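The values are calculated or read from the model by the stated rules, or taken from the named source; none is laboratory data. Please read these numbers as outputs of a predicted model, since none were measured by experiment. Note that we place each Cβ from the backbone using ideal geometry, even for glycine, and neighbour counts take in every protein chain shown. Heavy atoms of the whole protein, side chains included, go into the accessibility calculation; ligands, DNA and RNA do not. Shrake-Rupley method; radii C 1.70, N 1.55, O 1.52, S 1.80 Å.
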Amino acid sequence: MGRVLVIEDDRRTAAEISAALGDLGFDVECTYNGRDGLLRATAETYDAIVLDRMLPGDLDGLGVLATLRTVGIETPVLILSALSAVDERVRGLRAGGDDYLTKPFEFVELTARLEALARRNAISPRETDLRVGDLQMDLLTRSVRRGGKSIQLLPREYRLLEYLMRHAGQVVTRTMLFEEVWGYHYDPQTNVIDVHISRLRQAIDKDFDKPLLHTVRGAGYSLREDE
């Protein structure tokens, strides 16, 4: 099924999660504080991470998550937390979390959510190299090039471009981008998409004759090579 890293300071809870996932065929490793979890997550490759929000010490769950995303590790993360307020869930998702489950929880729901995350993150062998015109993304090395020129992107810009490249030629709406790239529902009051689209356009189109990233007025965006 895949490898899962559990970062949970309550050893009994960690053991129960490990047993439940092990019964489904997952290969599970556990760590019990933020620093050990961060070291393991950056040194090894996992299909998903179960991350406790309230870890002891000077590195809590959001700190671990923010660091992972900053260094470009995009492993799907399921946040566990006793903090159930909407604001807390939004904080977790905005920090880079892919899903949020409040404690106490049913293990059947935990395993179902992790299976969904693992499926979402699965990359078929044929999809490790994405291309649109002369723009290329190598999902194995996490590198982006256009016309032979290396393009440096921040982690969120990389995820945005990957989603657009996987849907090349299609119109992608703002709602789709918020739900699939940011992991939460679209807020019409925010300009976060405009900011990231502008940065991405500067990175992949600025020094080239033909733009690839197009704004579809009133609908969204489309990544395509026009004739």
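I'm told Asp52 meets every condition in (1) under 14 Å from Leu110 (Cα atoms); (2) open to solvent by 10 Å² or more (accessible area, probe 1.4 Å) except one. Can you identify the failing condition by its number?
(2)
Among the residues of segment 90-134, what is the count of those that are at pLDDT 75 or above, under 17 Å from the mean Cα position of the chain (by Cα), more than 22 Å from Leu223 (Cα to Cα) and not acidic (Asp, Glu)?
14
If the requirement is being over 19 Å from Thr111 (Cβ atoms), charged (D, E, K, R) and touching an Asp or Glu at 6+ places or on another chain (Cβ under 8 Å), which of these qualifies: Arg40, Arg69?
Arg40 is the lone residue from the list that is over 19 Å from Thr111 (Cβ atoms), charged (D, E, K, R) and touching an Asp or Glu at 6+ places or on another chain (Cβ under 8 Å).
If you check Tyr158 against the conditions, is it among the aromatic types (Phe, Trp, Tyr), in a strand (DSSP E or B) and touching a residue at least 12 places away in the same chain (Cβ under 8 Å)?
no
Quick one: which residue in Gly25, Gly37 is crowded, with 20+ Cβ neighbours inside 10 Å and farther than 18 Å from Leu93 by Cβ?
Residue meeting the stated conditions: Gly37.
Can you name the helices (runs of 4 or more DSSP H) wholly within segment 25-134 that have at least 2 residues being over 30 Å from Pro211 (Cβ atoms) and among the small types (Gly, Ala, Ser)?
In segment 25-134, 34-43, 61-70, 107-121 are the helices (runs of 4 or more DSSP H) which contain 2 or more residues that are over 30 Å from Pro211 (Cβ atoms) and among the small types (Gly, Ala, Ser).
Given (1) surrounded by 15 or more Cβ atoms within 10 Å (Cβ to Cβ); (2) modelled with pLDDT of 85 or more, where does Met176 come up short, assuming only one miss?
Only one criterion in (1) surrounded by 15 or more Cβ atoms within 10 Å (Cβ to Cβ); (2) modelled with pLDDT of 85 or more is unmet by Met176, namely (2).
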